[in-house]
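Quick notes on the structure that follows.
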Amino acid sequence: MDTRCGYVAIIGRPNSGKSTLFNRLVGQKISATSFKPQTTRHRIVGVKTDPSAQFIFVDTPGIHLGGKRLLNRVLNKNALNVLHDVHLIFWLIDRGQWTDEEDYIKRSLEKIDCPVILVINKIDKLERRDDLLVILQKLTLKFDFAEMIPVSAIKEDNINDLVETGKRYLPESEFYYPTEYLTDRDHKFIAAETIREAAFMFLEKELPYATHVEIEKYEQEDARLVISAVIWIEKEGQKGILIGKKGEMLNKIGSRARRAIQNHLNTKVHLELWVKLKKDWQDNPQIVGEYES
Ligand SMILES: Nc1nc2c(ncn2[C@@H]2O[C@H](COP(=O)(O)OP(=O)(O)O)[C@@H](O)[C@H]2O)c(=O)[nH]1
Ligand SMILES: [Mg+2]
């Protein structure tokens, strides 16, 4: 057999750049990214196929300490569970920033028999290239990494090296998916994530985390796609902020999301957003259950 195929988990602390790297590797924007930690809530699969290998990447919510709410606990559990089902792990770190959360991840990995490639991300932010040497020396002592590869997910620096190196760790196997297959997530899911991403972009403090997007209507009507979505919030007081003065905030979120969905699907989109209250949904097992995997 001359092809390789396997599952690769992308893990790391919130905000280390997992979803950015995931989208980059798959070559399409599937997973929501933002400059706020913990944007990712689902386990998302994205497939990259080249003539000799098929990678099935799994983007995960960030692994983090603390977080007492049910949603946080479920996200953490999801991210850790996936480690048992993969052939290779890409562990992202933000340059040399080794914190308590990295120690926590390290302890979780010690119980797992799977090669780990440390992906040192955001190297575009290093002031001097020499700093990289110091970082590599420091990190190599931390864990028995199969490899350590510096990249910039955003600038697409050294991604090819990561792919070629990663390939060597995949088992020899037939491809699991057809070569053109990209993701297990449908357009409706991506639309909901795009709306949530826009909300993350404009809302502040705890409010983005209080949002949960539900698509109520997703229908092609003549030449345009009509989407109607509810943004759930947790507290009455959050409604006003999300809607904004004269609806300004909701409009801003809506037009950004509409443009992004339009670009993604290459079709005209009409987007309606509604804001509704579901008290303390982050502790509501029924809703959090949707994120369970
Ligand atoms: N400068 C720089 N920023 C990055 C890079 N990769 C990701 N980011 C930024 O880091 C933030 C978190 O990224 P995201 O992919 O959502 O992180 P996640 O929480 O680990 O999924 C976003 O603002 C990204 O634009 C990188 O290579 N360089
Ligand atoms: Mg993410």
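Taking each residue of segment 60-79 that is over 15 Å from GLU101 (Cα atoms) and more than 13 Å from ligand 1 (Cβ to nearest atom) and looking for partners that are in a loop (DSSP other than H, G, I, E, B) and of a type in the set (S, T, N, Q) with beta-carbon atoms closer than 6 Å, six or more apart or interchain, yields ASN78/SER293. When restricted to residues that are of a type outside the set (Phe, Trp, Tyr) and more than 11 Å from the chain's Cα centre (by Cα), segment 25-43 contains 5.
Against the numbered list (1) of a type in the set (A, V, I, L, M, F, W, C); (2) within 12 Å of ligand 2 (Cβ to nearest atom); (3) touching a strand residue (DSSP E or B) at 6+ places or on another chain (Cβ under 6 Å), LEU88 comes up short only at (2). The residues listed here are GLU292, GLU272; of these, the one that is in contact (Cβ under 8 Å) with a residue 24 or more places away in the chain, closer than 19 Å to THR211 by Cβ, under 21 Å from the mean Cα position of the chain (by Cα) and surrounded by fewer than 17 Cβ atoms within 10 Å (Cβ to Cβ) is GLU292.
Restrict the check to segment 203-219 and report whether at least one residue is closer than 15 Å to ARG259 by Cβ and either modelled with pLDDT of 95 or more or buried (at least 16 other Cβ atoms within 10 Å of the Cβ) (or both). Scanning segment 203-219, I find no residue that is closer than 15 Å to ARG259 by Cβ and either modelled with pLDDT of 95 or more or buried (at least 16 other Cβ atoms within 10 Å of the Cβ) (or both), so the answer is no. For ASP85, the conditions (1) in contact (Cβ under 8 Å) with a residue 40 or more places away in the chain; (2) surrounded by 19 or more Cβ atoms within 10 Å (Cβ to Cβ) all hold with the exception of (2).
When residues in segment 1-37 are screened for being within 13 Å of ligand 2 (Cβ to nearest atom), modelled with pLDDT of 95 or more and assigned to a loop (DSSP other than H, G, I, E, B), 2 of them pass. Among the helices (runs of 4 or more DSSP H) confined to segment 38-152, the ones with at least 3 residues that are within 16 Å of GLY12 (Cβ to Cβ) and of a type in the set (Asp, Glu) are located at 100-110. Give segment 38-59 a look and list any residue that's closer than 27 Å to TYR181 by Cβ, touching a residue at least 60 places away in the same chain (Cβ under 8 Å) and within 16 Å of ligand 2 (Cβ to nearest atom), or say none. Result: THR39, ARG41, HIS42, ARG43, ILE44, VAL45, GLY46.
The values are calculated or read from the model by the stated rules, or taken from the named source; none is laboratory data. These numbers were taken from a predicted model, which means no experiment stands behind them. All Cβ positions, glycine included, derive from the backbone under ideal geometry; neighbour counts span all protein chains shown.
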